[in-house]
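Asks: Structure incoming, see below.
The values are calculated or read from the model by the stated rules, or taken from the named source; none is laboratory data. From a predicted model like this one, the values you see are computed outputs, not experimental measurements. Positions of Cβ are backbone-derived with ideal geometry, glycine not excepted, and every protein chain shown enters the neighbour counts. For accessibility, only protein heavy atoms count, side chains too; no ligands or nucleic acids. Shrake-Rupley method; radii C 1.70, N 1.55, O 1.52, S 1.80 Å.
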Amino acid sequence: MVCMNTNEIAELEKKYEMNLYPKREIALAKGEGEFVWDAEGKKYIDCTTGVGVAILGHAHPAVVAAVSAQAAKIMTCYQPFYHEERGRLEQKLVQLFGGSGKVMLSNSGTEALECAVKLARRHTQRKGFVAAMNAFHGRSSGALSLTFKDKYRAPFEPLLSPVARVRYNDVEALKNAVTNETAAVFLEAIQGEGGIRPAKPEYLKAARDICTDKGALLVMDEVQTGCGRTGKFFAFEHFGVQPDVACLAKGLGGGVPIGATIAREEVASFTPLEHGTTFGGNPLACAAANAVLRTIEGERLLQKVSENGEYFMQKLQAALAAKSEYREVRGMGLMVAVELKVPSKEPLTALAHKGILALPAGEQVLRFLPPFIISRGSLESVISAVAEVVK
Ligand SMILES: Cc1ncc(COP(=O)(O)O)c(C=O)c1O
């Protein structure tokens, strides 16, 4: 096959792809560790990782080996048949969740949320949901019902109802919104798409108490925060709160699509065929996820995420403190935002020219989701480039 340049690839996608994604005019061709290369061979430090997906970096040998070996054996194994990789992954996820529970494996974040939505109604026999303002929970109809932005929801109404939308980190608002009709409260421990906004510890603790008091489930959406992104496997561990249900996706497969919904044993009330998926729990994705989880443990990556996250945020703060366009640095672990007083679009483009790929998270936020294996040297390069593009 003849290799195309960026313009040729862009032309193809623009001609044949539904018009859904604002494109960056960069065609990625390969990746290794924290680096990616475009179709012309330009090298970038990747602080996007496919929106927090390639947590071990690109082409990590453990993931490549697991996927290659599994692909050569069997890639599909519909769930009525057992498979060792699936069983092992489910066991590990339950251990990480706290030692007791049940798992439903799927293929994406929105599916992990969709399962939680159905499970909450199934278990409580109630209809209502509570979600936070500025929350993002996905784009399939159930998950979309919980997502905040009107722009995403309005064209597709009517969606699920009733959904009460409360101010994030406002305990009183949550207290007033959760009733005896509430099936579940859905929260992110750090709002990701909402601009990297961490919950206050007292807020999540109160959410736990309110849900217990009213008989509603507390569902933590850990799609972006989970798998160690914040320095703990689940971000809720920082807050001393145990939810009834947790949703994972993004980083779990290290690049291979997978979603997981993990529920306390007592609330995992589905009966056969009430929910399901053809691809969910396939051996390829499970083998990748098992390799990711083994590597996180084996290479003590959670500690590295915490240490490097602290270092990154402190150095960013110091480098930007005197800049007139700079507002604040916030985040946890390697989930880091630089909020500006100006739109982030131009600085993002300027960073890409300097060989740094980062993400937006709202109008004025630069978001950094580097892989857990990123070196201090690469973090230094990112900090210098950010200091150059922010005025
Ligand atoms: C917190 C959160 N939940 C759910 C989703 C949806 O995940 P997916 O895009 O895999 O469907 C996302 C995606 O960004 C997310 O950040």
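Asks: Residue 69 is checked against (1) away from the ligand (no atom under 16 Å from the Cβ); (2) touching a strand residue (DSSP E or B) at 6+ places or on another chain (Cβ under 6 Å) and fails just one. What number does that condition carry?
Replies: So residue 69 meets the others, but not (2).
Asks: Let me ask you something else. Take segment 255-292 and flag every residue that is under 15 Å from the mean Cα position of the chain (by Cα) and polar (S, T, N, Q).
Replies: Passing the criteria: only 261.
Asks: Of the residues that sit in segment 30-65 and are farther than 17 Å from residue 382 by Cα and without any contact (Cβ under 8 Å) to a residue 24 or more places away in the chain, which one is least open to solvent (accessible area, probe 1.4 Å)?
Replies: Looking at residues that are farther than 17 Å from residue 382 by Cα and without any contact (Cβ under 8 Å) to a residue 24 or more places away in the chain, I get 41.
Asks: Taking residue 152 and the conditions (1) more than 30 Å from residue 375 (Cα to Cα); (2) more than 13 Å from the ligand (Cβ to nearest atom); (3) of a type in the set (Ser, Thr, Tyr), which numbered condition does it fall short on, given that it satisfies the others?
Replies: (2)
Asks: Only residues that are of a type outside the set (D, E, K, R), touching a helix residue (DSSP H, G or I) at 6+ places or on another chain (Cβ under 8 Å) and open to solvent by 20 Å² or more (accessible area, probe 1.4 Å): list them for segment 165-205, please. Walk me through how you get there before you give the answer.
Replies: Keep residues of segment 165-205 that are of a type outside the set (D, E, K, R), which gives 166, 168-169, 171, 173-174, 176-180, 182-187, 189-192, 194-196, 198-199, 201, 203-204.
Filter once more, so that each one left must be touching a helix residue (DSSP H, G or I) at 6+ places or on another chain (Cβ under 8 Å): 166, 168-169, 171, 174, 178-180, 182-187, 189-190, 192, 199, 201, 203-204.
Across segment 165-205, the qualifying residues are 168, 169, 171, 179, 180, 201.
Asks: Looking at the structure I just gave you, is residue 350 out of contact with any Pro (no Cβ under 6 Å at 6 or more places or on another chain), in a loop (DSSP other than H, G, I, E, B), over 22 Å from residue 199 (Cα atoms) and open to solvent by 10 Å² or more (accessible area, probe 1.4 Å)? Outline the logic, then answer.
Replies: Details: out of contact with any Pro (no Cβ under 6 Å at 6 or more places or on another chain): yes; in a loop (DSSP other than H, G, I, E, B): no; over 22 Å from residue 199 (Cα atoms): yes; open to solvent by 10 Å² or more (accessible area, probe 1.4 Å): yes.
Taking the combined requirement at face value, the residue does not satisfy it.
Asks: Same structure again: Looking at segment 272-297, which of the residues that are touching a helix residue (DSSP H, G or I) at 6+ places or on another chain (Cβ under 9 Å) and among the β-branched types (Val, Ile, Thr) is nearest to residue 114 (Cα to Cα)? Write out each step before concluding.
Replies: Filtering segment 272-297 for residues touching a helix residue (DSSP H, G or I) at 6+ places or on another chain (Cβ under 9 Å) gives 274-275, 277, 279-296.
Filter once more, so that each one left must be among the β-branched types (Val, Ile, Thr): 277, 292, 295-296.
On the way: 277: 12, 292: 24, 295: 29, 296: 27 Å.
In this case the residue turns out to be 277.
Asks: Could you list all residues from segment 313-323 that are outside any loop (DSSP other than H, G, I, E, B) and not hydrophobic (A, V, I, L, M, F, W, C)?
Replies: Within segment 313-323, 314, 315, 317 meet the criteria.
Asks: Go through segment 280-312 and give me each residue that's open to solvent by 20 Å² or more (accessible area, probe 1.4 Å) and either assigned to a helix (DSSP H, G or I) or closer than 30 Å to residue 79 by Cα (or both). Write out each step before concluding.
Replies: Of the residues in segment 280-312, the ones open to solvent by 20 Å² or more (accessible area, probe 1.4 Å) are 282, 284, 294, 297-300, 302-304, 306-307, 310-311.
Result: 282, 284, 294, 297, 298, 302, 303, 304, 306, 307, 310, 311.
Asks: A further question on this structure: Give the residue that is nearest to the chain's Cα centre (by Cα), with candidates limited to residues of segment 318-342 that are open to solvent by 40 Å² or more (accessible area, probe 1.4 Å) and closer than 27 Å to residue 43 by Cβ.
Replies: Only one residue tops the list, namely 318.
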